[in-house]
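These notes are about the structure you will find just below.
Read-outs throughout are calculated quantities, based only on the coordinates presented, and are distinct from any laboratory measurement. Being a predicted model, the structure only gives us computed values, none of them experimental. Cβ placement follows ideal geometry from the backbone for every residue including glycine, while neighbour counts extend to all protein chains displayed.
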Amino acid sequence: MNAGKTVFSQVLARVPHWEFQRLAKDHDQSDGRRQFSAWDHFLALAFAQMTFRESLRDIEACLSTPRLAYHLGFRQRVTRSTLARANEERDWRLHSALAHKLMHRARLLYQDEPAVLDLEMPVYAVDSTLIDLSLALCPWANWTGSDAAVKLHTALDLRGPLPAFLAVTPAHHGDVVWLDDLPIEPGSFYVMDRGYVDLRRLQRIQQAGAFFVIRERPDVRHYVSASRPVDRSTTLRSDQSIRFNGWDGSRHWPELMRRVSIHDLEQSMRMAFWTNHWNLPAATIAELYRQRWQIELFFRWVKQSLRIRTFFGTSQNAVRVQLWSAICVYLATAITRKELGLTTNLTTFVQVLSVHALSKVPLPELFAKLDTSGTHLNTPEQLTFNEL
């Protein structure tokens, strides 16, 4: 007798099967004779993520019981050789396309979250992080001669926070070059560190009708055209209009740029930021850059909570397949949490799911808070002992 769906199946129900099949038709170029379907491949990788499996042998052992695998949604037997072959051969772009579909759904669900600094426009933090690999196993990822890695580029919507756009590139791919691939949303703010300073690419953001806050790079020559008063009793030190006087700077940014500087008392250092927005207070511009720290916390969470410390394959395709499937499971988990109205923090949510993935318990009951502080109910039917 089936007592209901497993916790694993309840979470994966947030990934529409019809939508996955449509993406598979576009990206899976197999000849139709492959017995291990794209859906079973994704389920196996999602199972490894949710239950914290560390190897192909580990996945095979856990899914070796046909009845259990059937109730989890598998229709073909999962073996490590079949899974390894799928990781090598099935195009990683299928999982990438699915991840971006889930990103869009998740962001729509989290639109009611509090806005950053009560601003009406969306705010995105842009940065990248390295995912370390073994140089001996993945020589194709060599980028320093002694280290191997791939780079995860992220535009993080700070309302959530949830990724709005992701890309996986070789480690030597420049951060500033990736700005050419970043979709620009008109009316939005993009907050970046000084590694993204390139006036020609910043001009692209402005021409798209968006705004940016970026940390100043000291080697870019400029002079002050005008200054506005600031409250120096705060961390603010200046609010200026600057003009670039280098040959390259004046050619790519001929108009004025706004410059806001602060003195960070905790770090005992002075920082300056450039922006093309002129109406917000200088203190808000500085606070927008401080919000960029959320993307560092996001990267830390990804590396600690997703199963990307060990990889199930050593080829470039296998590594990307595992990375994108991990992101898909993370997004499906975030969507589940929001749709059910659960307030448990995401880290605890993921940990609890890993323990109860095979349980047939409705998710709201799994996270229900029981009140045990009240007095026990009187039960007249209970026998009592009288003192002699």
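Only the Cβ atoms of Lys and Arg (+1) and of Asp and Glu (-1) were treated as charged; on that basis the dipole of segment 15-141 about its Cα centre amounts to roughly 820 debye. With respect to the chain, whose longest principal axis is taken over its alpha-carbon atoms, helix 346-356 is tilted by about 20°. Considering only ALA208, LEU152, ILE131, and ranking their Cα positions along the charge dipole of segment 114-299 that arises from unit charges at the beta-carbon of Lys, Arg, Asp and Glu, the one farthest toward the positive end is ALA208.
Here LYS101 is the anchor, and the lysines within straight C-alpha reach of less than 29 Å, apart from those fewer than 8 places off in the same chain, are LYS5, LYS25, LYS151, LYS303, LYS338, LYS360.
Got the relative contact order for the chain handy, in percent, Cα pairs under 8 Å and 6 or more residues apart?
About 21 percent, as a whole number.
Peptides 220-229, 94-103 ordered by packing proxy, namely the average of other Cβ atoms within 10 Å per residue, highest first: 94-103, 220-229.
Full extension of the chain segment joining ARG85 with THR344 gains 89.5 nm, where the gain is 0.36 nm per residue of separation less the Cα-Cα distance. Applying a DSSP loop filter and a limit of 12 other Cβ atoms within 10 Å to the GluC sites (Glu not before Pro) in segment 212-271 leaves GLU255, GLU266.
Here the peptides 330-339, 355-364, 49-58 are ranked by packing, the mean other Cβ count within 10 Å, and the order with the highest first is 330-339, 49-58, 355-364. Each other residue within a Cβ distance under 11 Å of MET257 adds +1 if Lys or Arg and -1 if Asp or Glu, for a net charge of +1.
For the chain, with only Lys/Arg (+1) and Asp/Glu (-1) charged at the beta-carbon, what is the dipole magnitude about the Cα centre, in debye rounded to 20?
Numbers: 46 positive and 40 negative charges, 156 e Å.
Using Cβ point charges on Lys, Arg, Asp and Glu, the chain gives about 760 debye.
Summing Lys, Arg as +1 and Asp, Glu as -1, what charge do residues with Cβ under 14 Å from the Cβ of TRP92 carry, TRP92 excluded? Local charge sum for TRP92: -2. Counting only other residues whose beta carbon sits under 12 Å from that of ASP231, what net charge do I get with K and R as +1, D and E as -1? Net local charge, ASP231 excluded: +2.
Placing a label point 7 Å from the Cα of THR284 along the Cα-to-Cβ direction, the residues of segment 109-127 with a backbone N closer than 13 Å are 116-123. Relative to the longest principal axis of the Cα atoms of the chain, the long axis of helix 80-89 makes an angle of roughly 30 degrees. For the peptides 340-348, 148-156, the ranking by packing is 148-156, 340-348, with the highest mean count of neighbouring Cβ atoms within 10 Å listed first.
Nearest 10 degrees is fine. How inclined is helix 38-51 to the longest principal axis of the chain, computing both from alpha carbons? Tilt relative to the chain: about 90 degrees.
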